[in-house]
1. Which ones in region 311-331 are over 17 Å from I341 (Cα atoms) and part of a loop (DSSP other than H, G, I, E, B)?
2. R288: surrounded by 13 or more Cβ atoms within 10 Å (Cβ to Cβ), basic (K, R), over 22 Å from Y346 (Cβ atoms) and within 28 Å of the chain's Cα centre (by Cα), yes or no?
3. Conditions: (1) surrounded by 14 or more Cβ atoms within 10 Å (Cβ to Cβ); (2) at pLDDT 85 or above; (3) of a type in the set (S, T, N, Q). T95 meets all but one. Number of the miss?
4. Among the residues in region 311-326, are any touching an Asp or Glu at 6+ places or on another chain (Cβ under 8 Å) and surrounded by 11 or more Cβ atoms within 10 Å (Cβ to Cβ)?
5. Pick from K344, K372: which is among the basic types (K, R), surrounded by 12 or more Cβ atoms within 10 Å (Cβ to Cβ) and out of contact with any Pro (no Cβ under 8 Å at 6 or more places or on another chain)?
6. Can you tell me which residue in region 132-141 is surrounded by the most Cβ atoms within 10 Å (Cβ to Cβ), limited to those that are part of a helix (DSSP H, G or I) and either charged (D, E, K, R) or in contact with a Lys or Arg (Cβ under 7 Å, 6 or more places away or on another chain) (or both)?
7. Show the residue pairs that are 6+ apart or on different chains and have beta-carbon atoms under 7 Å apart, the first residue being within region 275-297 and under 20 Å from Y262 (Cβ atoms), the second being of a type in the set (S, T, Y) and assigned to a loop (DSSP other than H, G, I, E, B).
Amino acid sequence: MEENEEREELSEAEPKTSSSSSHNESNFLLTRGDQKSYPCSQCGKSFPYKQSLKLHMKIHTGEKPHTCDQCGKSFARKGYLTLHMISHTGEKPHTCDQCGKSFTQRGALTKHIQIHTGARPYSCDHCGKSFTQKGALARHMQIHTGEKPHTCDQCGKSFAQKGPLDIHMTIHTGEKPYSCDQCGNNFAHKGLLKSHMKIHTGAKPFSCDQCGKSFAIKGNLKIHMKIHTGEKSYTCDQCGKKFRQRNALIGHIKIHTGEKPYPCDQCGKSFRHANTLKSHLRSHSGERLFNCDQCGKMFLSASYLKIHLKVHTQEKPHMCSLCGRSFHQINNFKIHQKRHIGVKNYMCFDCGKTFVSNAELKRHQRVHTGEKPYKCSQ
């Protein structure tokens with residue numbers, strides 16, 4: 001019906017006078033076969049109907065005349081508002097007949113069904129990777145082209161997609177509009193809140209088909225799978241060490257540069273990672289959020305509690321294949337292995353002596369600094 005209205009509007013817009021006036025109009029209307037086309041004066045994109053051009057122009061003007069009376073969010077088209085209103089009513093009329101999952105939009109159901117069929121009709125002609133959606137392929141292509149058209153006007157950082165730019169902008173604004181109704185924590189974007197909520201619900205819908213371990217976030221499952229495949233695609237150009245995650249490589253490089261950008265405002269000690277600083281600050285406040293349900297002991301971080309729990313379970317999952325000794329923690333296991341093969345990759349720059357671990361190096365450095373951190377209480 002809308003298309004018929006557009007055709008009527010188009011025919012009304014066409015003059016019914018002389019051939020000369022028709023010739024003049026052709027300066028504005030481009031001919032595509034027998035169908036006339038309306039070009040956008042801003043970007044050159046053409047449309048078959050005047051109404052389509054009119055809707056498109058709202059992208060350039062930023063006009064969003066259709067406003068939700070529940071939350072105040074505005075939209076360029078009435079149809080988008082209608083779809084948005086479903087988020088308030090909770091209505092999900094489109095149901096998958098394979099698994100029973102429901103969706104607010106038919107298009108979302110169509111995309112979901114491809115999970116069951118395995119259909120990936122959109123392929124990258126550079127690397128052969130396939131995608132379920134045309135938009136996902138378009139985003140992927142930016143990896144090959146290096147295109148990052150969305151730039152932050154605060155710091156100049158560029159992004160391939162607008163979504164990551166919007167999330168990045170909250171770093172500058174400090175805005176965290178999404179609040180958890182269970183614990184009051186605030187988040188910069190809805191995806192982070194959604195992931196966080198799984199802590200409270202305990203939901204871990206993503207399972208490893210190799211070992212059965214489950215994860216709350218799909219990305220964490222992907223990272224975990226690299227343990228089974230042995231894939232370590234990020235390599236340090238300083239020492240050749242390989243990592244499964246890009247963030248792990250970035251953190252590792254700070255060892256070579258000596259960079260510690262996160263200082264404690266209580267004691268001046270600096271850290272390579274924001275999370276390490278966050279845990280350290282609890283040592284000043286005395287805050288210990290993580291409680292052992294076996295003995296009641298409290299810990300500064302979840303990782304410390306996880307390590308401690310192995311004391312109760314007597315679990316020592318990391319076994320040395322050379323001598324049979326087992327370890328609670330993988331880091332202690334790795335250090336132990338270095339002793340067998342004679343690797344000492346931590347060097348003292350004062351005397352040239354080398355050590356198997358960073359902790360041993362730090363203890364040794366007190367010889368040079370004269371530091372004596374342990375005092376007798378008597």
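1. Correct list: Q314, E315, K316, P317, H328, Q329.
2. Details: surrounded by 13 or more Cβ atoms within 10 Å (Cβ to Cβ): yes; basic (K, R): yes; over 22 Å from Y346 (Cβ atoms): yes; within 28 Å of the chain's Cα centre (by Cα): no.
Judged against the criteria, R288 is not a match.
3. (1)
4. If we filter region 311-326 for residues that are touching an Asp or Glu at 6+ places or on another chain (Cβ under 8 Å), which is where we start, we get none.
No, region 311-326 has no match at all.
5. On the way: K372 fails: surrounded by 12 or more Cβ atoms within 10 Å (Cβ to Cβ).
That would be K344, the only listed residue that is among the basic types (K, R), surrounded by 12 or more Cβ atoms within 10 Å (Cβ to Cβ) and out of contact with any Pro (no Cβ under 8 Å at 6 or more places or on another chain).
6. At the first step, the residues of region 132-141 found to be part of a helix (DSSP H, G or I) are 134-141.
Going one step further and asking which of them are either charged (D, E, K, R) or in contact with a Lys or Arg (Cβ under 7 Å, 6 or more places away or on another chain) (or both), we end up with 134, 139-140.
Working: K134: 10, R139: 14, H140: 17.
The qualifying residue surrounded by the most Cβ atoms within 10 Å (Cβ to Cβ) is H140.
7. Taking only residues 6 or more apart or on different chains, the pairs are S279/S301.
Residue-wise test of (1) of a type in the set (V, I, T); (2) part of a strand (DSSP E or B); (3) under 22 Å from the mean Cα position of the chain (by Cα).
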residue: C239; (1), (2), (3): no, no, no
residue: A248; (1), (2), (3): no, no, yes
residue: I255; (1), (2), (3): yes, no, no
residue: C267; (1), (2), (3): no, no, no
residue: N275; (1), (2), (3): no, no, yes
residue: H284; (1), (2), (3): no, no, no
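The values are calculated or read from the model by the stated rules, or taken from the named source; none is laboratory data. Since we're looking at a predicted model, the values are computed, not measured. Cβ coordinates were reconstructed from backbone atoms using ideal geometry, including for glycine residues, and neighbour counts include every protein chain displayed.
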